[in-house]
Each structure stands twice: as structure tokens, then as C-alpha cells.
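Notes follow once the structure below has been shown.
The values are calculated or read from the model by the stated rules, or taken from the named source; none is laboratory data. What you are looking at is a predicted structure, and each value in this text was computed from that prediction instead of being measured. Neighbour counts are summed over all protein chains in view; Cβ atoms, including those assigned to glycine, are modelled from backbone coordinates with ideal geometry. Surface accessibility is based on the protein's heavy atoms, side chains included, excluding ligands, DNA and RNA. Shrake-Rupley method; radii C 1.70, N 1.55, O 1.52, S 1.80 Å.
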Amino acid sequence: MNISIKTLLAASTLALTVGAANAQDLSPLNSDSEPDRMDWSELETKFGAFPEVPEGTRVGGVSKTLTNEYWRSLGEGYANTAEANSVEFVYQAAANEGDQLGQLSIAETLITQGFNALLLSPQTDANLLPAYETAVAQGVPVLNVNDAVIPSVANYVGNVQKDNGVRVAQWFLDNTDGGKVAVIEGQPGVFAAGQRTAGFTETAEAGGLEVVASVPANWSRELAFNAASTILQQHPDLIGFYANNDGMALGVMEAVKAAGLQDQVAVFGTDGISDAYDSIRAGDLTGTVDSFPVLTGEIALEVVLRMLDGQDLPRVVATPQALITADNVDQYATSDMGALREVLLAQ
């Protein structure tokens, strides 16, 4: 599909205009603070047992990329619920996390293939707006799943993004005597990146920490390594980093080790990918905020099937997360989603 950036921006602008008039008169969504919300743990209590799924139900999923373990794991969760309910499920993704046009093309193609519902995880808050508006116009339910947010979307599933950063900043406040910290941000224009950064920065500064740098690395491990190396040269007395995802955190950790500062500098990421868990066990990465992508995928497909059943769900269904360090890494390191659900419900 040959679409220019100019065309994409024009389509996005048009979609925003149409959305203002047609997207169920909804205000732009802030998934972290939307009052019409519920916790994932309340689904069965409030809406009853899992509905019977009509034979032949087809659901399509569009993800950011499959080069990042988080999005592969989210797809695994989708597939778990789809298989358990005899749902035909197709999961596709862009070549990389910067391929906005490619992701839009995938979404538009799925819309033409007659799926009963769509799960969209946009690369930015704007790039899938044209596809979303097309689906809505055709009466196809759309669920926005972590972590960029389509402003006019009617239903969203994901964790509270700002809380990711809050949890990490609170760790520094509880476990250090203060000092200089830095943020390695995700991609500019992505809701989750901005919220994670804001959560960390606001909490850290309110507690007396000095945030000396906040630099975007576009979800890239290599760019994060380069940014962290520069920050460490400028601030050799730094006590810690917070990275908006685990891939970047692992790049930061490489920079910290290269500078010989691993005993001084704590490094946290976000997502809870297996490499992050391995790094924590090895004594390198200090921690991660696990947002449990497999479980999130299971919950999201359940939500979209409840939508197809006609249930009037809240605009936001919030999914779980936990701060993982060496102290609790084994508690959460399980591939058994039933066991994980029990651990999280007991929190």
C-alpha cells in the first residue's frame, strides 16, 4: 500500500473530525483517568460468566510489531482465549515499531476481510485513526489494547500507564538516600510513554529526587544505550534510570556496565519480558514493572467477546501490573495464567 505521510496526516485529521461528530460523542480518552472504568478482576462479578460464543466468530488483531516480546506475548494471550472459545483469530503486526503506514495498511486490510471485531494496539495515538473510523462506520466493534490510545475509541483494555512510573519512583524514594535519576523515554506521541515518564518524574521530584535528564529512545535498545552512555558521562554521580520499556532498560544496563557503575546505578524497565526477568535474576537489571501481556491478551479477547454479546462494558477495563525486583521475581515468574491470576487477585 503506497500512502504518503501527507496523506496519512490528512486522513488522521479527517478521522478526528469525523470522530468528534460520530464516535458516540465521546470525549478524548485518557485511559489512566477515565471515570467510566472497572478492574479486570470485576468482569465476572459484574457481567456474569463468560458468554457463549456463536459458531463462526472471527476476531482480528493488529499489533505494533512482533520483534518485541511484549507484543508476541499479548498475541499468545489472545490465542489462549480464542482457542478456549473456538474463535477464529488472526494476529498481524507491522515490521517494526516505527512502521506506522505498514500498520495502518494491515488494519485496513483486516477490515475488508469481514471480522466480527478488531483488537488494535496502535503505534501512536493517531496512526490507526482512519482504520478505526472505517471499522466504526461499518459497525465492527473495535477494542484498543495497550498502549497508545486512539482518542475517540469507545473501549480500551490496558494497565494504568502513569502508575508504571510512579511505582519505580517510589522504589527509589523507599530504597535510596536520594540523588540524581534519569528517564529513557519511549516514542514521542505515544500516550503510554508520556504517562510513564510523567508518573516517574512527578513522583520522583515530589519526593526530592533530581531528574537530570529525560531523553526519548523510541523503544530502541541501541538508542537507549547511546542515550544512557551520554547521560552517565554528564552525570557520573547518577543513582538510577527508569526506561519506558524493558528493551531500552537492557540497553541502559549495558551502558551502566560499560561505565563500571553497576554497583551505583539502579536500572528499571517496564513490560516484564523474559529477558528482563533473567537480567534481574543475574543481578543486573534492578527491576521491571510487569504488565503481564499474556494475561492482558486473555482479558482483552474476553472483553471483545463480551462486547459482541451485547454487554455494555465500561469504556476502560484496567489490567494488572506489579513491580518486580530480586525480592519477588520468583513469585511472578510463571507461565500458568491460572496461577498468576490467583497471585494477582490476592494482592
Count - residues of region 65-91 that are in contact with a strand residue (DSSP E or B) (Cβ under 6 Å, 6 or more places away or on another chain) and not in a helix (DSSP H, G or I): 7
Criterion: within 22 Å of residue 247 (Cα to Cα), of a type in the set (Gly, Ala, Ser) and outside the structural domain of residue 314 (by TED's automatic domain parsing) - qualifying residue of 192, 206, 148: 192
Count of residues meeting criterion [of a type in the set (A, V, I, L, M) and touching a Lys or Arg at 6+ places or on another chain (Cβ under 9 Å)] in region 42-73: 2
Subset of region 279-316 (residues that are of a type in the set (Asp, Glu) and over 30 Å from residue 258 (Cα atoms)): 298, 302, 309, 312
Failed item, numbered, when residue 267 is tested on (1) open to solvent by less than 20 Å² (accessible area, probe 1.4 Å); (2) assigned to a loop (DSSP other than H, G, I, E, B): (2)
Which listed residue, of 87, 140, 183, is among the hydrophobic types (A, V, I, L, M, F, W, C), closer than 22 Å to residue 27 by Cα and open to solvent by less than 50 Å² (accessible area, probe 1.4 Å): 140
Residue under evaluation residue 344, criteria (1) more than 25 Å from residue 143 (Cβ to Cβ); (2) in contact with a Ser or Thr (Cβ under 9 Å, 6 or more places away or on another chain); (3) outside the structural domain of residue 172 (by TED's automatic domain parsing), criterion not met: (1)
Residues that are among the β-branched types (Val, Ile, Thr) and crowded, with 24+ Cβ neighbours inside 10 Å, drawn from region 156-180: 157, 168
Residues of region 186-230 satisfying the condition of being of a type in the set (Asp, Glu) and under 23 Å from residue 64 (Cβ atoms): 222
Residue tally, condition part of a loop (DSSP other than H, G, I, E, B) and either in the same structural domain as residue 69 (by TED's automatic domain parsing) or closer than 21 Å to residue 324 by Cα (or both), over region 239-263: 5
Given (1) free of Cβ contacts under 8 Å to residues at least 60 places away in the same chain; (2) open to solvent by 40 Å² or more (accessible area, probe 1.4 Å); (3) over 30 Å from residue 134 (Cα atoms), number of the condition residue 188 does not satisfy: (3)
Identity of the residue in region 100-137, assigned to a loop (DSSP other than H, G, I, E, B) and open to solvent by 20 Å² or more (accessible area, probe 1.4 Å), that ends up nearest to residue 161 (Cα to Cα): 125
Where residue 56 falls short, out of the listed (1) more than 16 Å from the chain's Cα centre (by Cα); (2) buried (at least 16 other Cβ atoms within 10 Å of the Cβ): (2)
Test: residue 215 is hydrophobic (A, V, I, L, M, F, W, C) and surrounded by fewer than 21 Cβ atoms within 10 Å (Cβ to Cβ): yes
Checking residue 207 against (1) within 22 Å of residue 163 (Cβ to Cβ); (2) surrounded by 18 or more Cβ atoms within 10 Å (Cβ to Cβ); (3) of a type outside the set (Val, Ile, Thr), the condition it does not meet: (2)
Filter result for the condition that a residue is of a type in the set (Ser, Thr, Tyr) and either in contact with a helix residue (DSSP H, G or I) (Cβ under 6 Å, 6 or more places away or on another chain) or free of Cβ contacts under 8 Å to residues at least 24 places away in the same chain (or both), over 134, 124, 176: 134
